Ligand code: SF4
């Protein structure tokens, strides 16, 4: 791992924690999210860690969330659920299913809590659609991407060095975690997010690309 990347990440996190008392983390429990939570807590983060339970997650994902909650007790782990679940929506209209079961719960939460900034674990390497990602995306809330320059090898190196337990399916090729009907293991040489929304012609659920948290593009 480049030491300069590591130091930059820690500086972003320290500044964010100092400047945003209402700072929150959103995570899908991928390796980057796991590293982000560990690093943020190590720098003093004690805010909300927000996860959207669409009702279609692998059981391993739910048990991993419970494990993280028990490991990082200084943070406040929150599970969001769809208010009006679109049952079996992935069979009928996957985009609407994501919108109703995943994006809307987060939008509602952001509208209710109005955080000034949110941290997330997106990296440039994870998908071609993210290769221009920067450390900060202005808006309300500001989106901070402290790991934007980290590569998979950096994340794995950190996880090994700091004895992090990863999502149980990561070692089976699930490099990016999503719902069980729409997520497959990644083959060698494929993008990290190649296993997401297989056969649907997309790699994003809409949280970061299509939705609009209060007064800004998300
Ligand atoms: S990833 Fe699939 S199951 Fe999950 S919310 Fe989106 S369409 Fe529905």
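A compact table of results
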item: In the stretch 188-218, residue modelled with the lowest pLDDT [restricted to those that are on the phi > 0 side of the Ramachandran plot and surrounded by 13 or more Cβ atoms within 10 Å (Cβ to Cβ)]; result: 206
item: Residue among 187, 153 that is in a loop (DSSP other than H, G, I, E, B) and either touching a residue at least 40 places away in the same chain (Cβ under 8 Å) or closer than 19 Å to residue 31 by Cα (or both); result: 187
item: Which listed residue, of 68, 80, 62, is at pLDDT 95 or above and surrounded by 20 or more Cβ atoms within 10 Å (Cβ to Cβ); result: 68
item: Residue match in the stretch 91-103 (condition: touching a strand residue (DSSP E or B) at 6+ places or on another chain (Cβ under 6 Å), near the ligand (Cβ under 10 Å from one of its atoms) and farther than 20 Å from residue 168 by Cα); result: yes
item: The one condition in (1) under 16 Å from the mean Cα position of the chain (by Cα); (2) within 22 Å of residue 193 (Cα to Cα); (3) buried (at least 21 other Cβ atoms within 10 Å of the Cβ) that residue 89 fails to fulfil; result: (1)
item: Single condition residue 195 does not satisfy, out of (1) without any contact (Cβ under 8 Å) to a residue 40 or more places away in the chain; (2) out of contact with any strand residue (DSSP E or B) (no Cβ under 7 Å at 6 or more places or on another chain); (3) within 16 Å of the ligand (Cβ to nearest atom); result: (2)
item: Selection count where residues are within 22 Å of residue 83 (Cβ to Cβ) and under 15 Å from the mean Cα position of the chain (by Cα), scope the stretch 30-67; result: 11
item: Hits in the stretch 105-127 - residues which are part of a loop (DSSP other than H, G, I, E, B) and buried (at least 18 other Cβ atoms within 10 Å of the Cβ); result: 115, 120, 121, 122, 123, 127
item: Scope the stretch 58-78; condition in contact with a helix residue (DSSP H, G or I) (Cβ under 7 Å, 6 or more places away or on another chain) and within 16 Å of the ligand (Cβ to nearest atom); matching residues; result: 58
item: Number of the exception - residue 148 against (1) more than 16 Å from the chain's Cα centre (by Cα); (2) part of a loop (DSSP other than H, G, I, E, B); (3) away from the ligand (no atom under 16 Å from the Cβ); result: (1)
item: In the stretch 8-18, the residues that are in contact (Cβ under 8 Å) with a residue 40 or more places away in the chain and either closer than 21 Å to residue 109 by Cα or under 8 Å from the mean Cα position of the chain (by Cα) (or both); result: 16
item: Only one of 2, 23, 36 that is touching a helix residue (DSSP H, G or I) at 6+ places or on another chain (Cβ under 7 Å) and either crowded, with 21+ Cβ neighbours inside 10 Å or in contact (Cβ under 8 Å) with a residue 12 or more places away in the chain (or both); result: 23
item: Matching entry among 25, 37 (being touching a strand residue (DSSP E or B) at 6+ places or on another chain (Cβ under 7 Å), away from the ligand (no atom under 16 Å from the Cβ), under 23 Å from residue 196 (Cβ atoms) and not in a helix (DSSP H, G or I)); result: 25
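The values are calculated or read from the model by the stated rules, or taken from the named source; none is laboratory data. What you see is a predicted model; the values in this text were computed from it and never measured. A quick note on method: Cβ atoms are made from the backbone with ideal geometry, for glycine too, and the neighbour counts reach across all protein chains shown.
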